[in-house]
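Working notes, structure below.
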Amino acid sequence: MDLAVLIEQIRQGDETAGAVLVSVLAPRLLGYADLIARDLYQGDREEVVEAAIEKAIRKIDQYDESRGTFPAWVRTFVKHAAGDWRRQHPGSVPREVEREPEQPTEPPDERSDLRPRIIALRAIVLSEPVPDQLLIRLRFAEGLSHAQIAQRLNVTEAASRKRLERLLERMRSKAAEDPGLRGLFKGEEDEQS
């Protein structure tokens, strides 16, 4: 869909054009948000992008095609929305994962068929942003409940659950690409049954 047509439809008051604009523009802006707001959880970056697009739609009459592209104009809203999010949620953005001292353990047997899985799994976890690595550690290494995690990260329990759900889904997708890891990431509901 042509952005110029969508912009004109929005200016004329077509409410459906706004939803189409979000679906067209959001993937590009999420990539930008990933670059400038790595310290935020993926779900929070998605909220930032949605807020930026909504603001751009409200201010669509201020957009001037002669000064730049529409995506570039909206990126400024993303940048400001990320800053606003940080100010509205002080203390909820962990700067780094506190590393616990390595516990001396017996090294896995080099011939073990688990070693490649452990290495692949570690690579997937380390490919996630630092806040998501912290969430993994709190839930699975420290065994905290969602209520405890929510209290520690200054978020709601529902937000803790949803973030972990999204994170595990992303990790499942990555694991699906590795034949040795397929089926490794079961949902928490699967673990309870």
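The values are calculated or read from the model by the stated rules, or taken from the named source; none is laboratory data. As the structure is a computational prediction, the values presented were derived from the model and not from experiment. Quick reminder, even Gly has a Cβ in these numbers, built from the backbone with ideal geometry, and neighbours come from all protein chains shown.
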- Task: Any chance you could count how many residues in region 142-164 are free of Cβ contacts under 8 Å to residues at least 12 places away in the same chain, in a helix (DSSP H, G or I) and out of contact with any Asp or Glu (no Cβ under 7 Å at 6 or more places or on another chain)?
- Result: 4
- When you scan region 132-182, how many residues do you find that are over 15 Å from the mean Cα position of the chain (by Cα) and of a type outside the set (Val, Ile, Thr)? 27
- Message: Need pairs with beta-carbon distance below 7 Å; first residue at pLDDT below 90 and within region 61-79, second surrounded by fewer than 16 Cβ atoms within 10 Å (Cβ to Cβ) and among the aliphatic types (A, V, I, L, M); sequence gap 6+ or separate chains.
- Response: Phe70/Leu3
- Note on the structure: Note on region 3-45: residues within 25 Å of Gln88 (Cβ to Cβ) and β-branched (Val, Ile, Thr) are Val22, Ile36
